Amino acid sequence: MTTDAGSHHASALDTPPTSAGAQLRARLLNALQTAVPGCQVLTGEENLAPYETDALPVYRQLPLMVALPDDESQVQGVLRECRRLGVPVVPRGGGTSLSGGATPMPNSLVLSLARLTRVLEVDPLARTATVQPGVRNIRISEVAAPYELYYAPDPSSQIACTIGGNVAENAGGLHCLKYGLTVHNILRVKAISMDGEVLEFGSLAPDAPGLDLLALLIGSEGMFAVVTEITVRLIPKPPVAKLVLASFDDVETAGDAVAAIIGEGIIPAGLEMMDKPAIAAVEAFVHAGYDQEAAALLLCEADGNREEVAEEVARICAVLQRHEVRDVQVSSNEAERLKWWSGRKNALPAAGRLAPDYFCMDGSIPRRAIGKLLKRIQGMEEVYGLQCLNVFHAGDGNLHPLILFDGNDADQLRRAEDFGADILERCVELGGTITGEHGVGIEKLNSMCVQFTPAERETFLAIKRAFDPAGLLNADKGIPTHARCAEYGHMHVSGGRLPFPDIERF
Ligand SMILES: Cc1cc2nc3c(=O)[nH]c(=O)nc-3n(C[C@H](O)[C@H](O)[C@H](O)COP(=O)(O)OP(=O)(O)OC[C@H]3O[C@@H](n4cnc5c(N)ncnc54)[C@H](O)[C@@H]3O)c2cc1C
């Protein structure tokens, strides 16, 4: 992602408007004005520009138009008209996707859910909240706070991202190690298919009859249906939380300490790691009070009642002492705890100050392999000639290498893309996956070819066709075509080396 809002990049997705596109726009506009008269529609380059990208702005594409429905029936009407005219649809929540999930595709309609912001019900007895998809993640905890309840999954983007986007991406966050990802905290979802059919997944009862299609929908990246209503689980706020801040002289030792904490049977509320370049970047930005001489830093949180927290903190510190910890501190008050967290939570904006652009990669590996992968990433920095900062949801083995580059330089962009793909392939090699929580979107399409066999990808495509036979919802995202994988297999870079380097590239 980039934070340089003023810069413009040539993009792989940039395509000039065609007269066929202009004709389609006119037909669609006419159809929407007739069939869904109350729905606001944006056209014209100036109005569409804010929607041409998401939080991965090296890829840009103007849509045909943007629809901003006010309610579920308008969502249904827009989808029906797009289906009838064969127009691809890209659902959009807060537009904070780091994988290009909300980036428009050529000649598509962006379906913004930003106006569906109603909290429909908070039920403190059932400990649930039912909300529309455009409600921001943090808003749910705000409306639950008077009942001393909150919604646990807390992506660092929680002030801006929406619950609809969280459902689509199966978002995680700092506290998901203990409290589960989005998929573990959603009871029921209402959604509308590309054909305009209203679908219901899950139930308010502890278990829903039939196949668990709710888990299939969560994390489907807006490719199956448009989410219009969500019932989330709320949990009581833990009365006490303390944060342990530990520094290490070596990244592998820090990685081993992470595995040892979990191996001890402790499930901390959060267990995060940062390497030296990441520590330097956030210190310069938010002055969190981190040990700048350290090679790696761990943030490990214990929450619960006073006695539970005291006992868990003592156990965590004992494990750290056995793993050559350089320095260990325990937060003495709430302000200090929040200050230490602020460093980790601001790692992405801190990286944004160092270069015009960065890719926030998102792979997962077994915890014991963390140190090994970090060492390999250091080697890759030399191969690709680019700097990389590393922040991890270490307890989940979910890493976020932040590759710094300048997207206005085509060679740097290519090297950054290859660097990212190389990291993801090493994740697969170490027994991990190419995405932890940010999704595949357009960013990791090629890496899907490495992770999955043609038969597995065909199964994914078959499931997509079952929901969306016309292939119009978030088309060409998430699941690569076989042709794309065949081409990538012949051209892809591994360890900085192209296969058949003597063959001319076009
Ligand atoms: C600074 C920063 C920090 C971040 N930290 C985290 C983190 O800690 N954990 C994490 O998991 N992610 C994180 N993210 C990524 C991002 O915030 C999440 O993926 C989030 O879930 C996206 O929500 P959104 O509302 O912005 O969705 P968008 O970006 O608008 O869309 C994301 C995807 O969901 C689809 N979609 C959106 N709404 C709907 C809907 N109603 N129905 C169907 N499909 C829909 C879109 O088509 C797209 O594919 C971070 C991003 C940033 C910029």
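If Asp212 satisfies all but one of (1) within 15 Å of the ligand (Cβ to nearest atom); (2) over 26 Å from Glu336 (Cα atoms); (3) of a type in the set (Asp, Glu), what's the number of the condition it fails?
With respect to (1) within 15 Å of the ligand (Cβ to nearest atom); (2) over 26 Å from Glu336 (Cα atoms); (3) of a type in the set (Asp, Glu), Asp212 is out only on (1).
Name, by its number, the condition in (1) under 30 Å from Leu299 (Cβ atoms); (2) at pLDDT 95 or above; (3) near the ligand (Cβ under 8 Å from one of its atoms); (4) not in a helix (DSSP H, G or I) that does not hold for Ala191.
Ala191 satisfies all of (1) under 30 Å from Leu299 (Cβ atoms); (2) at pLDDT 95 or above; (3) near the ligand (Cβ under 8 Å from one of its atoms); (4) not in a helix (DSSP H, G or I) except (1).
Filter the stretch 130-184 down to the residues that are within 17 Å of Arg92 (Cβ to Cβ) and in contact with a His (Cβ under 8 Å, 6 or more places away or on another chain) and list them by number.
Glu169
Which of the residues belonging to the stretch 68-99 are within 13 Å of the ligand (Cβ to nearest atom), aliphatic (A, V, I, L, M) and farther than 15 Å from Thr117 by Cα?
Correct list: Val78, Leu79, Val89, Val90, Leu98.
Those residues that are at pLDDT 95 or above, of a type outside the set (A, V, I, L, M, F, W, C) and out of contact with any Lys or Arg (no Cβ under 7 Å at 6 or more places or on another chain), I need them from the stretch 365-389; list them, please.
Glu381, Glu382, Gln387, listed by residue number.
Tell me which helices (runs of 4 or more DSSP H) are completely within the stretch 11-94 and hold 2 or more residues being at positive phi and under 28 Å from the mean Cα position of the chain (by Cα), or say none if there are none. Before the answer, list the steps.
Working: elements: 19-35, 45-48, 72-85.
Where helices (runs of 4 or more DSSP H) fall fully within the stretch 11-94, none carries at least 2 residues being at positive phi and under 28 Å from the mean Cα position of the chain (by Cα).
Quick check on this structure: which one of Gly420, Gly478, Gly436 is within 16 Å of the ligand (Cβ to nearest atom), touching a strand residue (DSSP E or B) at 6+ places or on another chain (Cβ under 6 Å) and assigned to a loop (DSSP other than H, G, I, E, B)?
Values: Gly420 fails: assigned to a loop (DSSP other than H, G, I, E, B); Gly478 fails: touching a strand residue (DSSP E or B) at 6+ places or on another chain (Cβ under 6 Å).
Every option except Gly436 fails the conditions.
Could you tell me how many of the residues in the stretch 439-449 are under 19 Å from Ala55 (Cβ atoms) and outside any loop (DSSP other than H, G, I, E, B)? Give the steps one after another, and end with the answer.
Start the filter on the stretch 439-449 by keeping residues that are under 19 Å from Ala55 (Cβ atoms), which leaves 439-445, 447.
Applying the additional criterion that residues be outside any loop (DSSP other than H, G, I, E, B) yields 445, 447.
Matching residues across the stretch 439-449 total 2.
Could you look through the stretch 148-188, keep only residues that are farther than 12 Å from Glu437 by Cα and assigned to a helix (DSSP H, G or I), and pick out the one that is nearest to the ligand (Cβ to nearest atom)?
Looking at the filtered set, the residue picked out is Gly164.
Scan Ala126, Ala145 and give me the residue that is part of a loop (DSSP other than H, G, I, E, B), surrounded by fewer than 19 Cβ atoms within 10 Å (Cβ to Cβ) and at pLDDT 95 or above.
On inspection, the qualifying residue turns out to be Ala126.
Does any residue of the stretch 471-485 turn out to be modelled with pLDDT of 95 or more, surrounded by fewer than 18 Cβ atoms within 10 Å (Cβ to Cβ) and not assigned by TED's automatic domain parsing to the domain that holds Pro153?
yes
The values are calculated or read from the model by the stated rules, or taken from the named source; none is laboratory data. This one's a predicted model, so the numbers in the text were calculated from it and none came from an experiment. Because the Cβ atoms are built from the backbone with ideal geometry, glycine has one as well, and the counts that use them run over all protein chains shown.
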